[in-house]
Amino acid sequence: MTASSLDSSGLHGLEAFEERIRGALAEVLGVPAEDLALDRPRQAGHGEFALPCFQAAQAAGRKPPELAAELAARLQVPEVEARAVGPFLNFRVEGAALARRVLQDALRPDFGRRRRTRTSIVEFGSPNIAKPMHVGHLRSTVIGAALARILEHLGHRVVRINHLGDWGAQFGKLVAAWRRWGQEDRLEADPIGHLLALYVRFHEEAEENPGLEEQGRQAFQELESGEDNEARRLWQRFTELSLREFQKTFDRLGARFDHVRGESWYEDRLPGVLAWLEGKDLLQQSEGAWIVDLEPEGIQTPCLVKTAHGTTLYATRDLAAALSRWEEFAFDECLYVVGNEQKLHFEQLRAVLRRAGCDWADRIEHVAFGLVRFAEGKLSTRKGRVLLLKEVLDRASELALEIVREKNPGHPDPEGVAEQVGVGAVIFHDLKHQRTKDVVFDWKEVLSFDGDTGPYLQYTHARCCAILRKAGRPVPDFAALRPEILAEDRELLTALGRFPAAVREAGDRREPSILAGHLLRLANAGNAFYRDRRVLGEEPPVEDARLAAIGALRNTLGLGLGLLGVPAPESM
RNA sequence: GCGCCCGUAGCUCAAUCGGAUAGAGCAUCAGACUUCUAAUCUGGCGGUUGGAGGUUCGAGUCCUCCCGGGCGCGCCA
């Protein structure tokens, strides 16, 4: 009988054992298995799972240590040993069974895959046309792309949308600025650079010349008129030029989208949204503008949907986008990977939809992240204080090239790996932090390739590849292995076995750093194994088993890095 | 002024939605390459978890107040 035939759950790695334990506990305690959450003990000696018995003991009128001891004696879980330690009931998977299960699962290309039936929309990236992508866009892009891949791995149908900032009053300003100071040759040479310069100049000069603001407003009105006029042609041109630039950066970051739909994509629907709100009797005029009052939803600030000048606003277009997405995709969840500072906006968005009677309003979820700050203060595009994303990636790539040349002079493709290592370092540095916390940008940290970094994971992966290359043969088939040879290598096995749970948690909590952190622990265990266990040249059954362990490590690291969007070169 | 978020080792961060002795990396000090990549590994140093109360079997985590920082608060996105 193989381990897999014991489980029909389809769960991989340690999740399969966890399921067994919870099932057995549920039966003995007479509670639903869903209510039982197992802890992971901190100390390795306490096994893989634990149940603190305080609550159950209280419910049964017993003392926790007593109950723990009794449960330990009564529970029968195949391949799992239950032991009471004080008030805790600890579970330890038998070494051979652990090795068998983990090797079998961790060698699969779909390790950790789930079969869920959910539709998830992930909106991310979303740079503003005519402005260069800066370090702030890195966060949205990298977190969003990772979440999309993670959710896909869990079986979700994922729709990736790049919600470009390509509409609104700012484009009126840009058109007005172009009419005054625009230069063809400079636009050709460096589109975004020139457009940004125009934008900055507009704001500078508008402080002395208030008439400029009026010209900007008029230009946006021309744009929103729907007519095929000069303003529209300019806007279209700026958009195309910008998109071409963005694509290069998205490619480098490994981010792809199912739909590139800017705010302008919903232009046709804007009148419909306003009419719809009116039909629900939600529209009221206030100080010349049109608003939806949100006091009934407990939000003091009303949602502005139309300016006194008759133009639409961010909220109008986001309402249109939400309604359009609901009609088109009937999503189970719609994730917006957008900075913390827009919290109120998304609360308003949900509140308006709730007031309008959309029962799906709460499927809208703001996946917020902290902003990137410099030690000297906040970034500001208008003030020209920006750190371009391209510059960060370039510098990381250049530094990586120096290091590749130094450490691996014979590498066949130094530029190629350097780009993978440099960009991988930048991506991983971002993803290893909890997404909601602000980050202070520090070149030294971002460009570090030692310790808990992307290159550390890549290096561990590359070492595995080197062993497999030198073995000169494929990883032996699982059926031919004697997994019990690895029974003592628990650190590596449990780290591998926990990968599926890490992916699941990262997806469910919309927190890629959970996966990032787990990969670091896995690489740690992997490097310890590398240090302690010789693979090549051992007697055949041992070499086979260890080769399989290295294969499983390579596969799992490769999968995890892939989900995060960090390249995994085979040598570096 | 009001609201939300955050304060953990010198620095950057963890701590499994309240569980066991608060852990990593960087920096620093001391070690390990004739053996599968030393971008690695081993060990040392480093803590009143911003402060004061409270809740309970148990608090870095929850509640109150204070201090410090960030963000937001109607015609930008």
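Scanning region A:489-516 for residues that are free of Cβ contacts under 8 Å to residues at least 24 places away in the same chain and assigned to a loop (DSSP other than H, G, I, E, B) yields a count of 1. Residues that are of a type in the set (D, E, K, R), more than 17 Å from the chain's Cα centre (by Cα) and loosely packed, with under 15 Cβ neighbours inside 10 Å do not occur anywhere in region A:508-518. Based on this model, can you work out whether residue A:131 counts as in a helix (DSSP H, G or I), among the charged types (D, E, K, R) and either under 19 Å from residue A:199 (Cα atoms) or at pLDDT below 95 (or both)? Considered against the rule, which asks whether it is in a helix (DSSP H, G or I), among the charged types (D, E, K, R) and either under 19 Å from residue A:199 (Cα atoms) or at pLDDT below 95 (or both), residue A:131 comes out as no.
Residue A:318 meets the conditions (1) farther than 17 Å from residue A:120 by Cβ; (2) modelled with pLDDT of 95 or more; (3) exposed (fewer than 13 other Cβ atoms within 10 Å of the Cβ) in every case but one. The failed one is (3).
All conditions in (1) closer than 20 Å to residue A:553 by Cβ; (2) surrounded by fewer than 15 Cβ atoms within 10 Å (Cβ to Cβ) hold for residue A:440, with the sole exception of (1). Give the residue that is nearest to RNA strand B (Cβ to nearest atom), with candidates limited to residues of region A:433-463 that are closer than 25 Å to residue A:551 by Cα and not in a helix (DSSP H, G or I). Filtering region A:433-463 for residues that are closer than 25 Å to residue A:551 by Cα and not in a helix (DSSP H, G or I), the one nearest to RNA strand B (Cβ to nearest atom) comes out as A:451. Selection of strands (runs of 3 or more DSSP E) fully inside region A:37-118 by the criterion of at least 2 residues being away from RNA strand B (no atom under 11 Å from the Cβ), in the same structural domain as residue A:18 (by TED's automatic domain parsing) and not aromatic (Phe, Trp, Tyr) returns A:80-85. Condition check: among the acidic types (Asp, Glu), within 12 Å of RNA strand B (Cβ to nearest atom) and not assigned by TED's automatic domain parsing to the domain that holds residue A:364. Does residue A:287 satisfy that? When the stated conditions are applied, residue A:287 passes them.
For region A:329-358, what are the residues that are away from RNA strand B (no atom under 16 Å from the Cβ) and more than 24 Å from the chain's Cα centre (by Cα)? Across region A:329-358, the qualifying residues are A:353, A:354, A:356, A:357, A:358. Of all the numbered requirements in (1) under 30 Å from residue A:152 (Cβ atoms); (2) modelled with pLDDT under 95; (3) of a type in the set (Phe, Trp, Tyr), residue A:202 misses one, and that requirement is (1).
Residues that are within 14 Å of RNA strand B (Cβ to nearest atom) and crowded, with 16+ Cβ neighbours inside 10 Å were ranked within region A:464-488; the one that is nearest to residue A:100 (Cα to Cα) is A:486. Of all the numbered requirements in (1) modelled with pLDDT of 95 or more; (2) part of a strand (DSSP E or B), residue A:324 misses one, and that requirement is (2). Taking the criterion of being assigned to a helix (DSSP H, G or I), more than 9 Å from RNA strand B (Cβ to nearest atom) and small (Gly, Ala, Ser), the residues of region A:381-423 that qualify are A:396, A:397, A:416.
The values are calculated or read from the model by the stated rules, or taken from the named source; none is laboratory data. Every value quoted in this text rests on a predicted model; they were computed, and no experiment measured them. Backbone-built Cβ (ideal geometry, glycine too); neighbour counts: all protein chains shown.
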